[in-house]
Amino acid sequence: MGLVTTEVTTSKWDTETMRNVLFATAALTLIAAPAIAQSVSNPQWNGSLGYTHLDGDDGSLGAVTGRIGAKFTPYLGVEGEASIGVKDEDITIAGVDGKLEHDYDAALYGVASVPVSDNVELFGRLGYGTTSIKADVAGATASTDGESINYGAGANWYLDGKNGLRADWTRRDFQDDGGEIDTYGLSYVRRF
């Protein structure tokens, strides 16, 4: 009989605790939902255009990168980016000279931001991307595509609240033991 009483008492305590947690969650949802809904329906848009330096084991390449992003709250948003190669790397394979070219890449990120001041924000990002690189050696051309998990950090510095500079670092960790590439970017950024 004592065992049954103990189980009933514990069960009653769990029910009260769960009820209180549910009430607290419901109250927070009612308070926060309108603010989140307003931001989601009217996000703050931004765009950037700049230069990205790709630093990998096989050489260094360069690309022009464009981005478009949307912030749904002061702290959370998304951004998409696309790059086109503009700087090739001279390589030598088995004594034969050639070129390594960055063809293109594209990625989609979730972005978390921390406003430091009205004009400066730090951010971290996590996403998924695809990259295409070509090699041209002795007249033979080969290309490889790689899918990657991308993560990085950076900062935006707005000179006048709308126009600014962006500096970022991102690591592309390619799947199937495809290696890693670090990228370093400097861009003009604009809030819309």
* Structure fact -> Selection from segment 82-115 of residues of a type in the set (A, V, I, L, M), farther than 17 Å from residue 185 by Cα and without any contact (Cβ under 8 Å) to a residue 24 or more places away in the chain yields 94
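Residue by residue, here is whether (1) closer than 22 Å to residue 171 by Cα; (2) touching a Phe, Trp or Tyr at 6+ places or on another chain (Cβ under 8 Å); (3) exposed (fewer than 14 other Cβ atoms within 10 Å of the Cβ) holds:
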residue	(1), (2), (3)
63	yes, yes, no
77	yes, no, no
95	no, no, yes
107	yes, yes, no
* Hey, any hits in segment 46-61 for a residue that's modelled with pLDDT under 75 and surrounded by fewer than 15 Cβ atoms within 10 Å (Cβ to Cβ)? -> yes
* Filter pass, residue 172 being closer than 17 Å to residue 61 by Cβ and under 17 Å from the mean Cα position of the chain (by Cα) -> yes
* **Of the criteria (1) open to solvent by 80 Å² or more (accessible area, probe 1.4 Å); (2) at pLDDT below 55, which one residue 10 fails** => (1)
* Only residues that are farther than 19 Å from residue 50 by Cα and either in a strand (DSSP E or B) or in contact with a His (Cβ under 6 Å, 6 or more places away or on another chain) (or both): list them for segment 108-118, please. => 110, 112, 113, 114, 115
* To do: From the list 3, 100, pick out the single residue that is over 30 Å from residue 163 (Cα atoms) and at pLDDT below 55.
  => 3
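The values are calculated or read from the model by the stated rules, or taken from the named source; none is laboratory data. Not measured: the values here are computed from a predicted model. Neighbour counts run over all protein chains shown; Cβ positions are idealised from the backbone, glycine included. The accessibility values were calculated without ligands, DNA or RNA, using every heavy atom of the protein model including side chains. Shrake-Rupley method; radii C 1.70, N 1.55, O 1.52, S 1.80 Å.
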